[in-house]
Each structure stands twice: as C-alpha cells, then as structure tokens.
1. In whole Hz and in residue order, list the ³J(HN,Hα) couplings for segment A:77-85 that follow from phi through the Karplus curve 6.51 cos²θ - 1.76 cosθ + 1.60, θ = phi - 60°; x for Gly and Pro.
2. So, by mean Cβ neighbours within 10 angstrom, what's the order for A:46-56, A:8-18 with the highest one leading?
3. Using alpha carbons only, how many angstrom separate the centre of segment A:1-62 from the centre of segment B:64-86?
4. Please work out the Kirkwood hydrodynamic radius for segment B:49-97, using every pair of different C-alpha atoms, and report it in angstroms with one decimal place.
5. Need one word for chain A: rounded, prolate or oblate. Basis is the Cα gyration tensor (sqrt eigenvalues a ≥ b ≥ c); a/c below 1.5 gives rounded, then a/b vs b/c decides.
6. Using only helices, what value at 222 nm comes out for chain A when you add -39,500 (n - 2.57) per DSSP H run of length 4 or more and divide by the total residues, to the nearest 500 deg cm²/dmol?
7. Please determine, in degrees from 0 to 90 and to the nearest 10, the orientation of helix B:19-39 with respect to the longest principal axis defined by the Cα atoms of chain B, where the helix direction is its Cα long axis.
8. If you take the square roots of the eigenvalues of the alpha-carbon gyration tensor of segment B:8-55 and sort them as a ≥ b ≥ c, do you get rounded (a/c under 1.5), prolate (a/b over b/c) or oblate?
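Every read-out reported here was derived from the displayed coordinates using simple, explicitly stated rules and does not represent laboratory data. Quick caveat, the model's predicted, so the values are computed rather than measured. Here Cβ is always computed from backbone atoms with ideal geometry, including for glycine, and neighbour counts include all displayed protein chains.
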Amino acid sequence: MRYAFLLYGDEVGAAALRAEDRAELARRHRELAGALDRTGALVAGGLLRPGATATTLWPASGRLTDGPSSGGQLGAVYLVDCADLDEALLVARRFPCSPGLSVEVRPARAA
Amino acid sequence: MQHILMLHINESAYAALTEEQQSELYAEHMAFIAAMNEAGVKGPSAQLTPSTGARTVRTRAKGDQLVTDGPFAETQEQLGGFYVVDVTDDDEALAWARRLPVLPGDSVEVRRMM
C-alpha cells in the first residue's frame, strides 16, 4: 500500500540550526531516501524549499500570495510503499530528527 | 527543476460532493495528468485519503516519539494531494498550478523541491 509521509517541523527552530547541522540533516534525509529506494519502497519525495519561498494560488480569486498556504511547517513529502500501517509507522520513526519534527502518515492513492 | 504543487482543501467540501460531481472532478484530474504527460513535465503525484485516517509520529525529545491519531494539525484546511512537475522555472510551475482542477475553497501552494 502506498503511504504519504508529511514532515512537519518547527521552521524557526530549523532556521536556527547551524549550517553544518542543516547539511547533516539533509544528508541523512538523502541517506534514508536512498535506503528506501534500494528496497524498492520509495516512490517519490524529498525535502521542500522553506515555506517562505512558496507561492500560493487562490483559484477562487485568482490571487497569488507569497508564502505557504497554511502553517508553513511542511518541510518534506515522501511517498513510500509499505505492507501496512505498522510498517509505515516504522518508516516514519526513521526520519532524521529535525527540531519539533512530526511525521503525518496517510494512505495515498496513486494519481 | 522539480516543483511540487500542493492542493490544500477543505475536506468537508469534498465530502459534500455528489457522486456525479466527484466523477467530474476526477475526470478533470485525469485530463490534467494527460496534459502534463504530453508536455513531458509530470512527476510523481498522489491523492491523499482523508486526514481522519492519518496517524502522526511526534518527536518530543531525542528518542522520545509519540504516535497520535489524526493529522499533524486539526485545521479546516488539509493537504488533499500533490503533483510534482519538472519544469524550467517558477513561472511555468505556476502556469500548471493554475490549471489544477479545484473547488472554490482550495488553494494551491507551489514550492521548489530541494
């Protein structure tokens, strides 16, 4: 089954990280992605640029706003094939600990 | 350059759709996918199941993880799905974002991937 992993963190805390800690975190993300890729479980995903760099489109009005739609704490999105929810939760626990990290896990349908 | 188009939705609005409206919206998404494939820009994508079915693993202190039922935040707006597009620049990503089938209350957040 396919699961989506939404990584929410504390952006302020993350921004306060030293450059080398940030680089280390990114490296560990790539490492985990690589490990999941080698087992064939990784479908897609990666780190997102910070929320401040986002542009949000509001279709009803056609307006564009700078920044994320909400919260802004979403830092990464992954799609991983797992046998079941238990396995998905194990995968969720493997993500590198960035400040205030929460990993939301939800079944996803391929689109 | 990979960009992610994240569709933020009001889940109750989607739950209130008739079957016919759902089919219509689904067909529009299929057409959107076909257009992206034809243009050679389509990356991975997914439709997320409702946030009520989510579980969240929260890291409080190093090694201290707690699993809670439900999404990260109990907000009106939740992530409904996403499309990754491989395009030349931000403007092109935005152009695709404008073509995403949506309901009036939705928003589409566009970000580059790292």
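1. Once rounded to whole Hz, the list reads 9, 10, 10, 9, 7, 10, 4, 6, 4.
2. Working: A:46-56: 17.9, A:8-18: 14.8.
Top to bottom by mean Cβ count within 10 Å: A:46-56, A:8-18.
3. For segment A:1-62 versus segment B:64-86, the Cα centre distance is 13 Å.
4. Values: mean 1/r = 0.0729 Å⁻¹.
Result for segment B:49-97 stands at 13.7 Å.
5. Details: a/c = 2.14, a/b = 1.23, b/c = 1.74.
Because a/c hits 1.5 or more and a/b fails to exceed b/c, chain A counts as oblate.
6. Details: 3 runs with 34 residues, N = 111.
Using -39500 (n - 2.57) per qualifying helix, the result is -9500 deg cm²/dmol.
7. Between the helix axis and the principal axis of chain B, the angle is about 70 degrees.
8. Details: a/c = 3.38, a/b = 1.48, b/c = 2.28.
In terms of gyration-tensor shape, oblate.
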